[in-house]
Structure formats: C-alpha cells, structure tokens
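Contents: one structure, followed by commentary.
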Amino acid sequence: MSKNALGRGLKALISEEGFAATDKAEENERLREGAIGSLPVDRITVNPFQPRKEFDETALEELRNSIIENGVIQPVTVCRDGDNYQLISGERRLRAVTTAGFKFIPAYVIEAHADASKLELALIENIQREDLNAIEVALALKSLVNKCNLTQDEVAQKVGKNRSTVSNFLRLLKLPRQIQDSIRSREISSGHARALINLPNEHLQLKVWRQIMDRQLSVRQTEALVNNMFKDKPKEELKPATESSVHIGQIESILRDRLATKVKVIQKKGGQGEIHIRYFSNDDLERIIELMNHD
C-alpha cells in the first residue's frame, strides 16, 4: 500500500496528493488557526506538558497497522511554535505515523501562545480525548489545579466532569505507590481504587490490595470487603479492663485483621467460649473460608 494513503479518513478535507510540500504562503493560508491540513511530522515537537507518560507498545503497533490500512481518521491538534508546531494532543497518533514511515500527518491548528495556555489545552484535550489511566487523569487534574491556578470547581467545568469526580480522582494520589502502579498498569480498576481510598490507613489499603491481586476480586467484592471493615462495633457498657479481657481483645483484633470482617470472641466459664464471625454475602463467606483454609 502506498504511504500517500495516509489521512484517507480525511479525504473530504485533504486530497491524497495534498501531502506534497507546498510553498510557505500557501501553507500559512491553509494552516491558519482553526484550519485542518497536513503537516510534516519533523516540524511537530512533543508537548512537554503531555500528561500521558506511558505508551503501550502493543497498542501503538496496532494503531500503526490501522493507520497503514485506513489512514489517520482524526487529526492531531497543534499550535504554532515559531516556524514549527507544538503538539497539543495526539501523541499516540504522531508516534504511530512516524514509526509507519509517513512524512505528513493531518493536523488541526489552534492558537496558544503562553506556556500556561499550552499546558491547560494539553491537559484538557488529553483528559477528554485520550484513554488515560486513572492515575494519569489524576495527575493531569492536579496540574490544572497547581500549575494553572484553577480551583477544583473551575477544573470540573473545563473538563466536563462533576466536582466530586475531580475530587475522587485527586484522592487517588494519596494511595501508596504500589497501588498507584497497579492502577497505571491496569491490574486494578479505578473502581477498586475508589474502594481502597476509603480505608483509613496505608496498612489496610495495602492489605486489601494484596487480596484483590491474589484472589482477583471484582469491584463489588472489594467494596463488600471494605464495607465489612466499617461496620459499627456493638456498644458495650464501660467496665474496667481485666487481663483476660485485654487478651480477648487482642485475639479479636488479630482475627479481624486476618479475616477482614467483624469478629467477636465470647469467653465462658470453664475455659470454653465461642467465636462469632460475621459475613455479609455468599461471596463474602467463600472469601472467609478460603482465608481460613489458606496455609
């Protein structure tokens, strides 16, 4: 297939022959702000404010093959940078086009002069258009707040999300690094992460995360597991602690931590007693049994 087929999805706007170089006056007219045309890939620089830091090589190869077969369906977005152009969004497409050996790419030119404007545009464009993982979205939103001096309400309005959604994404950045890495690699979903962020400390977050990884828990199972930890303890009359009650309390704490659910140890006369273990669904019961059988 001829490489001049690039951009075939935009045939109505750009002819296949239109990828040949044009003189400067014609290019300026064709690529005025707000216009769509073809640009030499070697005149486009990557935006330093790009929120995406990781690119899946397999997905890039698939995109490259699709572009060779079908052309670039959606143009990249750029702004002028002297005599060249700086990418605002579409780095995956630019990478795929470059590795495919094409010299030109369809581009949509917008106006952005200050670095702050470029940053804001790049972040907003990528949050809205690209398949970022939840941590990349969170970091992009954080940059809008910190580097663009926007409030969470203003960020929510610019990216078309609810303020609570923006807030929930930002909270993900408080999770331990191991969990953030799992979100980046899509080992766990943002649904898992939202459940984990409700846990009160890093120890419990990592404990539940390990169960998610080891047992391949669904989001619903994870939510049930976390909810178990928040069940209110029964109110008991205050009474002086004895050595025996302290020991029983320690045992309850160990079992609650091990089984991740509510446990009550009832001590009776003669050294006898009962252990009450709460479960809240059939899946939860199976989870507890599996933990008890685990060596």
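Remarks
Table: residues versus (1) among the small types (G, A, S); (2) in contact with a Leu (Cβ under 7 Å, 6 or more places away or on another chain); (3) at negative phi.
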{"site": "A193", "(1), (2), (3)": "yes, yes, yes"}
{"site": "L196", "(1), (2), (3)": "no, yes, yes"}
{"site": "L199", "(1), (2), (3)": "no, no, yes"}
{"site": "Q205", "(1), (2), (3)": "no, yes, yes"}
{"site": "V208", "(1), (2), (3)": "no, yes, yes"}
{"site": "M213", "(1), (2), (3)": "no, no, yes"}
{"site": "S218", "(1), (2), (3)": "yes, no, yes"}
{"site": "T222", "(1), (2), (3)": "no, no, yes"}
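- Residues that are among the aliphatic types (A, V, I, L, M) and assigned to a loop (DSSP other than H, G, I, E, B), drawn from segment 188-199: I188, I197, L199
- Note on segment 78-103: residues that are surrounded by fewer than 15 Cβ atoms within 10 Å (Cβ to Cβ), of a type outside the set (D, E) and without any contact (Cβ under 8 Å) to a residue 60 or more places away in the chain total 3.
- Test result for E33, assigned to a helix (DSSP H, G or I), at pLDDT below 75, more than 30 Å from Q180 (Cβ to Cβ) and not assigned by TED's automatic domain parsing to the domain that holds V145: no
- Selection of segment 53-77 for residues being in a loop (DSSP other than H, G, I, E, B), surrounded by 12 or more Cβ atoms within 10 Å (Cβ to Cβ) and not aromatic (F, W, Y) yields D56, G71, V72, I73, Q74, P75.
- The residue that is surrounded by the most Cβ atoms within 10 Å (Cβ to Cβ), counting only those in segment 130-161 that are among the polar types (S, T, N, Q) and assigned to a helix (DSSP H, G or I), is S143.
Yes or no, residue by residue, for (1) at pLDDT 75 or above; (2) more than 30 Å from A138 (Cβ to Cβ); (3) part of a helix (DSSP H, G or I):
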position: N227; (1), (2), (3): yes, no, yes
position: K231; (1), (2), (3): no, no, no
position: I248; (1), (2), (3): yes, yes, yes
position: L255; (1), (2), (3): yes, yes, yes
position: D295; (1), (2), (3): no, yes, no
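- Test: residue in segment 187-204 that is in contact with a Pro (Cβ under 7 Å, 6 or more places away or on another chain), farther than 15 Å from V137 by Cβ, at pLDDT 85 or above and not assigned by TED's automatic domain parsing to the domain that holds D257: yes
- Considering segment 265-290, and only residues there that are in contact with a helix residue (DSSP H, G or I) (Cβ under 6 Å, 6 or more places away or on another chain) and in a helix (DSSP H, G or I), the residue that is surrounded by the fewest Cβ atoms within 10 Å (Cβ to Cβ) turns out to be D283.
- Selection of segment 162-187 for residues being assigned to a loop (DSSP other than H, G, I, E, B), touching a residue at least 12 places away in the same chain (Cβ under 8 Å) and over 22 Å from W209 (Cα atoms) yields an empty set.
- Residues of segment 269-289 satisfying the condition of being in contact (Cβ under 8 Å) with a residue 12 or more places away in the chain and over 31 Å from the mean Cα position of the chain (by Cα): I275, H276, I277, R278, Y279
- In the set L204, L217, only one residue is in a helix (DSSP H, G or I), under 20 Å from D284 (Cα atoms) and of a type outside the set (S, T, Y); that residue is L204.
The values are calculated or read from the model by the stated rules, or taken from the named source; none is laboratory data. Here the structure is a predicted model, which is why all the values come from computation and not from measurement. Counting neighbours? That spans all protein chains shown, and the Cβs are built from the backbone with ideal geometry, glycine included.
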